[in-house]
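The values are calculated or read from the model by the stated rules, or taken from the named source; none is laboratory data. These numbers come from a predicted model, not from an experiment. Here the Cβ is made from the backbone with ideal geometry for all residues, glycine too, and neighbour counts use every protein chain on show. The protein model used for the area step is the full one, side chains on, heavy atoms only, and it has no ligands, DNA or RNA in it. Shrake-Rupley method; radii C 1.70, N 1.55, O 1.52, S 1.80 Å.
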Amino acid sequence: QVQLVESGGGLVQPGGSLGLSCAASGNIISVYAMGWFRQAPGKEREFVAAISWRDSSTRYADSVKGRFTISRDNAKNTVHLQMNSLKPEDTAVYYCNVDIAIEVAGRSSYWGQGTQVTVSS
């Protein structure tokens, strides 16, 4: 069993900042990577950012490069997404995604429940 608890999100004006966090818990043996996706109304879910647990390397969608920063807390199996200079087009439900190995089930990908981010004046 894996539990993913997302926090953060909310309503912010254009140009503002928000932070998201996702904490993974359960019978975790190894964490390989954690990241974020988002889905706007009427659109497909898209990749936002990810971070490797092995070497902390990061990847970002072109649309968020230079504005969003992903970071991790190894001890707490937590990933953070700091979002700056937010734009209305960043409005979406943001989903945490983790690539981990757990007891019995082995390695797999898991999704959080999603948290709403709304950028509007």
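Okay, residues lined up against (1) modelled with pLDDT under 95; (2) assigned to a loop (DSSP other than H, G, I, E, B); (3) in contact with a helix residue (DSSP H, G or I) (Cβ under 6 Å, 6 or more places away or on another chain):
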site	(1), (2), (3)
Ile29	yes, no, no
Glu44	no, yes, no
Ser56	yes, yes, no
Leu81	no, no, no
Glu89	no, no, no
Tyr95	no, no, no
Val98	no, no, no
Ala101	yes, no, no
Thr118	no, no, no
**Asked** Can you pull out the residues in the stretch 72-121 that are over 13 Å from the mean Cα position of the chain (by Cα), open to solvent by less than 40 Å² (accessible area, probe 1.4 Å) and within 16 Å of Val31 (Cβ to Cβ)?
**Response** Ile100, Ala101, Ile102, Gly106
**Prompt:** So which residues in the stretch 21-53 are open to solvent by less than 60 Å² (accessible area, probe 1.4 Å), within 26 Å of Glu89 (Cα to Cα) and more than 13 Å from the chain's Cα centre (by Cα), if there are any at all?
**Reply:** Ala40
**Message:** Given the condition closer than 16 Å to Ile100 by Cβ and either in contact (Cβ under 8 Å) with a residue 60 or more places away in the chain or loosely packed, with under 14 Cβ neighbours inside 10 Å (or both), answer yes or no: does some residue in the stretch 11-20 qualify?
**Reply:** no
**Request:** Could you run through the stretch 61-79 and say how many residues are small (Gly, Ala, Ser) and part of a strand (DSSP E or B)?
**Result:** 1
